[in-house]
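These notes are about the structure you will find just below.
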Amino acid sequence: MSDVIKLLPDHIANQIAAGEVIQRPASVVKEMVENAIDAGASKVQVIIKDAGKTLIQIIDNGSGMTENDAVMSFERHATSKVRKAEDLFALTTKGFRGEALASIAAIAHVVLKTRKEEAETGISIEIEGSKIKKKEACVCPVGTSFEVKNLFYNVPARRNFLKSDNVEFNHIIDEFERIALAHPDITISLHHNDNEIYSLHSAILRKRIVDILGRNSNDKLVPIEESTDIVKITGYVGKPEFAKKTRGEQFLFVNDRFFKDSFFSHSLSKAFDGLIQPKMFPSFFLYLDIDPKKIDVNVHPTKTEIKFEEDKLIYSIILSSVRQALGKYNIAPTLDFNRETSFDIPYDMHSKPVVEPTIHVNKNYNPFQSSPAKTGNSFTAAIKAEGFGSNDASPKDWQSFYKVEEVEEAVPEVVELNLEIDNHLTKNFLIRGKYILTNCKSGILVIDCQRATERIVYDELINKFISNPISSQKLLFPLEREFSSNEKNEWINNQVMLERLGFLGEFQELNLSLSAIPAVLQEESIHDCINLILESIAYQEIGKGEIAHVIVQSIASATGKRKATIQNNESAEALVEQLFQCTEHSFTPRGKKIIQTLTIEEISLKF
Ligand code: ADP
Ligand code: MG
């Protein structure tokens with residue numbers, strides 16, 4: 001019997017590979033512009049005819065190639081970017097598979113002209129269906145120009161599969177914008193059928209974004225900046241009122257590479273929770289800088305999906321830094337990490353029916369006079385009363401017209417709870433180490449010490465852990481604790497986070513031996529704390545991104561219980577001060593009320 005297995009000829013293998021890498025003209029644009037950037041170009045021109053079906057030309061002023069490299073570049077697995085296996089784990093270039101040029105040359109007519117700076121002449125190569133048709137010296141500028149003509153000329157199924165010019169060109173614009181946003185320092189232009197679509201000069205990021213979105217977008221952008229030992233995040237988010245009906249303005253980059261990630265996008269949507277309408281999408285341009293060893297760009301042939309080693313932590317960091325930024329620019333009313341919606345609605349009101357607010361209007365209020373109206377409350381009467389409309393108006397009348405601010409007491413009366421502490425009157429009264437009474441403008445505040453502690457510890461830890469692991473204390477004797485197998489699995493699933501938050505330990509079968517715990521936690525509260533953590537991670541549905549705050553919540557809650565007894569007025573005072581430094585001081589992370597107010601009215605009703 002004769003053998004039947006044969007190796008595929010190169011040009012067929014290349015055609016098959018091309019199916020993966022080159023789906024449409026936009027893929028050629030992406031691969032070629034990325035090559036130009038990898039070659040160190042500071043200027044790249046993209047010239048398109050008929051949505052790329054007739055011509056895609058990319059001209060760059062990068063390193064250029066030698067004659068040999070120019071020929072080699074079309075071979076499959078020919079790359080100058082990866083030499084040994086380890087390089088794959090520390091990629092700093094866009095390309096590394098050595099597949100793009102071989103694929104493109106298999107399914108199009110390609111003309112390459114390239115010259116290195118030190119070479120007197122350049123080299124021109126024409127290639128069709130993977131075969132070199134012509135190779136000669138040529139006169140050309142330093143850098144590289146690729147012309148890709150008649151894409152898919154020999155793969156009719158593919159060519160017929162292409163969509164209308166409009167759709168295909170929109171794909172090209174998408175790729176172009178992604179690269180332009182990833183590299184604001186590069187001057188880059190896009191022409192289509194002799195129309196200039198983009199001509200972007202090297203710029204700082206904010207300017208590049210504005211150049212792409214349009215001039216009036218500058219005011220929409222809120223800067224994001226967060227530097228942690230795991231990831232550095234920079235970029236911008238759009239203010240909530242500019243949210244879009246589509247995901248069109250959502251860009252994530254890691255190490256200057258555009259990528260898609262529904263998990264991280266979810267964290268951004270969450271940061272905008274309550275600030276934008278449902279079914280609207282926030283705009284964002286977020287740049288993650290991360291050690292290349294901690295990501296895997298190798299999971300997808302076109303490399304828009306990327307695996308992250310520490311995805312849960314990064315989720316939390318994004319969420320918190322975006323919320324902080326929105327808060328800093330006074331966009332979100334509060335910054336609570338834990339909050340489902342960012343509006344200041346007390347938790348116990350969520351389930352209550354909405355009641356229309358009532359405004360009490362002082363009917364006798366007259367904006368034009370400081371004493372009660374003498375002549376009724378109609379507008380004309382009020383004007384008359386100040387001398388306007390009468391013949392003998394005097395300067396005095398005009399002066400009083402401008403005195404509006406001085407009549408504050410007469411402004412329509414709006415009932416408002418003022419939680420601000422009245423500094424002149426502050427005197428804290430400690431009741432049995434459990435409650436603190438303190439003066440405020442509208443009456444008396446009653447503060448629950450245990451809950452206040454919980455909030456303070458939570459805020460402190462959640463802010464700290466974002467930038468660094470929180471401090472942990474070694475136990476003199478390891479603490480043993482028996483887990484169920486489900487509990488053990490969940491504990492191990494979240495080990496990275498737990499360690500970052502201070503829990504170090506090892507399992508022997510189902511027995512956890514804890515050698516260190518978060519420094520804030522007292523030994524007596526460890527069991528309490530572990531119970532709380534397990535309750536959430538092993539027995540409740542919680543999103544991956546919620547893990548951090550669930551654990552911190554548990555630590556805070558366990559700490560709160562222990563430290564609850566405040567012994568003297570000094571520590572009471574310190575507690576009140578710390579509490580009011582928290583962005584959310586009315587509710588614990590679990591939504592329990594920390595403060596009750598007794599207003600003067602309520603007190604007077606008791607007498
Ligand atoms: P990869 O980018 O994965 O290395 P490609 O097939 O895209 O594979 O390119 C093959 C090689 O050709 C690159 O590694 C690079 O050495 C060279 N090359 C491609 N485009 C350019 C360019 N515009 N300027 C200089 N060299 C280039
Ligand atoms: Mg490449």
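Could you pull out the residue among 239, 232 that is outside the structural domain of residue 57 (by TED's automatic domain parsing) and surrounded by fewer than 16 Cβ atoms within 10 Å (Cβ to Cβ)?
Criteria check complete, one pass: 232.
Which of the residues spanning segment 500-541 are among the aromatic types (Phe, Trp, Tyr) and modelled with pLDDT under 85?
Start the filter on segment 500-541 by keeping residues that are among the aromatic types (Phe, Trp, Tyr), which leaves 503, 507, 539.
Hit for segment 500-541 is 539, nothing else.
Can you name the residue in segment 1-35 that is more than 15 Å from ligand 1 (Cβ to nearest atom) and of a type in the set (D, E, K, R) and is also nearest to residue 62 (Cα to Cα) among such residues?
Per the stated criteria, the residue is 24.
Can you find even one residue in segment 151-169 that is away from ligand 1 (no atom under 14 Å from the Cβ), part of a strand (DSSP E or B) and surrounded by fewer than 21 Cβ atoms within 10 Å (Cβ to Cβ)? Even if it seems obvious, please write down each step before you answer.
Of the residues in segment 151-169, the ones away from ligand 1 (no atom under 14 Å from the Cβ) are 151-169.
Checking the rest, the ones that are also part of a strand (DSSP E or B) come to none.
No: zero hits.
Among the residues of segment 283-296, write down those that are touching a Lys or Arg at 6+ places or on another chain (Cβ under 8 Å), not aliphatic (A, V, I, L, M) and not in a strand (DSSP E or B).
Going residue by residue through segment 283-296, those that are touching a Lys or Arg at 6+ places or on another chain (Cβ under 8 Å) are 283, 288-290, 295-296.
Checking which are not aliphatic (A, V, I, L, M) leaves us with 283, 289, 296.
Listed by number, the list holds a single entry, 283.
Collect the residues in segment 75-84 that are within 12 Å of ligand 2 (Cβ to nearest atom) and within 10 Å of residue 101 (Cβ to Cβ), keeping them in residue-number order.
Passing the criteria: 78, 79.
Within segment 61-82, is even one residue assigned by TED's automatic domain parsing to the domain that holds residue 19 and either away from ligand 1 (no atom under 13 Å from the Cβ) or assigned to a strand (DSSP E or B) (or both)? Can you show your working first?
Start the filter on segment 61-82 by keeping residues that are assigned by TED's automatic domain parsing to the domain that holds residue 19, which leaves 61-82.
Pick out the ones that are also either away from ligand 1 (no atom under 13 Å from the Cβ) or assigned to a strand (DSSP E or B) (or both) and you get none.
There is no residue in segment 61-82 that is assigned by TED's automatic domain parsing to the domain that holds residue 19 and either away from ligand 1 (no atom under 13 Å from the Cβ) or assigned to a strand (DSSP E or B) (or both).
Identify, by number, the condition in (1) assigned to a strand (DSSP E or B); (2) within 20 Å of residue 451 (Cα to Cα) that residue 515 doesn't meet.
Among (1) assigned to a strand (DSSP E or B); (2) within 20 Å of residue 451 (Cα to Cα), the lone unmet condition for residue 515 is (2).
Looking at segment 84-104, which of the residues that are surrounded by 18 or more Cβ atoms within 10 Å (Cβ to Cβ) and among the hydrophobic types (A, V, I, L, M, F, W, C) is farthest from ligand 1 (Cβ to nearest atom)?
Across segment 84-104, the extreme among qualifying residues is 91.
Checking the conditions here, which among 56, 22 is at pLDDT below 95, aliphatic (A, V, I, L, M) and either in the same structural domain as residue 126 (by TED's automatic domain parsing) or within 16 Å of ligand 2 (Cβ to nearest atom) (or both)? Break it down into steps so the answer makes sense when it comes.
Working: 56 fails: at pLDDT below 95.
Exactly one residue qualifies, and that residue is 22.
Among the residues of segment 130-143, is there at least one that is within 44 Å of the chain's Cα centre (by Cα) and within 12 Å of ligand 2 (Cβ to nearest atom)?
The answer is no, given that none of the residues of segment 130-143 is within 44 Å of the chain's Cα centre (by Cα) and within 12 Å of ligand 2 (Cβ to nearest atom).
Out of curiosity, is residue 540 surrounded by 16 or more Cβ atoms within 10 Å (Cβ to Cβ) and assigned by TED's automatic domain parsing to the domain that holds residue 459? Spell out the reasoning first.
Details: surrounded by 16 or more Cβ atoms within 10 Å (Cβ to Cβ): no; assigned by TED's automatic domain parsing to the domain that holds residue 459: yes.
Judged against the criteria, residue 540 is not a match.
Do we have residue 26 as buried (at least 20 other Cβ atoms within 10 Å of the Cβ) and of a type in the set (Gly, Ala, Ser) here? Let's see the steps before the verdict.
Working: buried (at least 20 other Cβ atoms within 10 Å of the Cβ): yes; of a type in the set (Gly, Ala, Ser): yes.
Considered against the rule, which asks whether it is buried (at least 20 other Cβ atoms within 10 Å of the Cβ) and of a type in the set (Gly, Ala, Ser), residue 26 comes out as yes.
Filter segment 188-227 for residues that are over 19 Å from residue 322 (Cβ atoms), buried (at least 16 other Cβ atoms within 10 Å of the Cβ) and β-branched (Val, Ile, Thr) and give the result.
188, 210, 212
Would you call residue 51 touching a strand residue (DSSP E or B) at 6+ places or on another chain (Cβ under 8 Å), in contact (Cβ under 8 Å) with a residue 24 or more places away in the chain and away from ligand 2 (no atom under 14 Å from the Cβ)?
Yes; evaluated as a whole, the condition is true for this residue.
Can we say residue 37 is away from ligand 2 (no atom under 16 Å from the Cβ) and under 22 Å from residue 199 (Cβ atoms)? Break it down stepwise before answering.
On the way: away from ligand 2 (no atom under 16 Å from the Cβ): no; under 22 Å from residue 199 (Cβ atoms): yes.
Taking the combined requirement at face value, the residue does not satisfy it.
Within segment 48-59, can one find any residue that is closer than 20 Å to residue 257 by Cβ, of a type in the set (Lys, Arg) and outside any loop (DSSP other than H, G, I, E, B)? Outline the logic, then answer.
Kept after step one, since they are closer than 20 Å to residue 257 by Cβ, are these residues of segment 48-59: 58.
Right, trim to of a type in the set (Lys, Arg) and you get none.
Looking through segment 48-59, none of the residues is closer than 20 Å to residue 257 by Cβ, of a type in the set (Lys, Arg) and outside any loop (DSSP other than H, G, I, E, B).
May I ask you to list the residues in segment 36-60 that are closer than 20 Å to residue 170 by Cβ, more than 8 Å from ligand 1 (Cβ to nearest atom), among the β-branched types (Val, Ile, Thr) and in contact with a Phe, Trp or Tyr (Cβ under 9 Å, 6 or more places away or on another chain)?
Scanning segment 36-60 gives 46, 48, 56.
The values are calculated or read from the model by the stated rules, or taken from the named source; none is laboratory data. Since the structure is predicted, the reported quantities are computational estimates derived from the model, not experimental observations. Using ideal geometry, Cβ is built from the backbone for each residue, glycine included, and neighbour counts are taken over all protein chains shown.
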